[in-house]
Amino acid sequence: MTDFAFHSVWELDASADRVYSALADVANYARWWPQVRDVSTIDAGSGVMTIRSAVPWTFRIVGRRAVEDPMSRYLRATLSGAMTGWSSWTIQASGVRSRAYFEQEVTVVGNLGVLSHIAKPLFAWNHELMMSGGCAGLSRYLR
């Protein structure tokens, strides 16, 4: 098993409330985030996300909503499946624009966990590509 801590900041030409609403609507991520291949709902607070970026592995992750606070524009989910841990979004206004801060701490488990130990830089690069695709996709979606 290998631990990862990921951080990303997205600069977006949309209000913080619009960005928060789009990021809170996880069921529609596959509409705008190219690396999110599918999202299926388990119940009102959880679902399964299938993701694949540049490396030829598909990850299935179960996300359970832990915090959804529209007043502070903060989202947090616990993760299990191919990765265990948590991820969060904090959205802040920046004039008429906004910034979305992504934080994630995960452990890759199973066979991919063993591989991630050997190829940690590759997994980090893959994550950066995924986040870049997500930022560009959300920018287009919000226009």
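The values are calculated or read from the model by the stated rules, or taken from the named source; none is laboratory data. Quick caveat, the model's predicted, so the values are computed rather than measured. SASA here: full protein model, heavy atoms, side chains in, ligands and nucleic acids out. Shrake-Rupley method; radii C 1.70, N 1.55, O 1.52, S 1.80 Å.
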At 1.4 Å probe size, with the rest of the protein present, what percent of the exposed accessible area of the chain is carbon and sulfur atoms?
55 percent
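Under the definition of Cα pairs under 8 Å and six or more residues apart, what whole-number percent is the relative contact order of segment 1-134?
Values: 268 pairs, mean separation 41.7, N = 134.
So the answer I get is 31 percent.
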Using a 1.4 angstrom probe, figure out how much accessible area the chain has per residue, in square angstrom, rounded to the nearest whole.
52 Å²
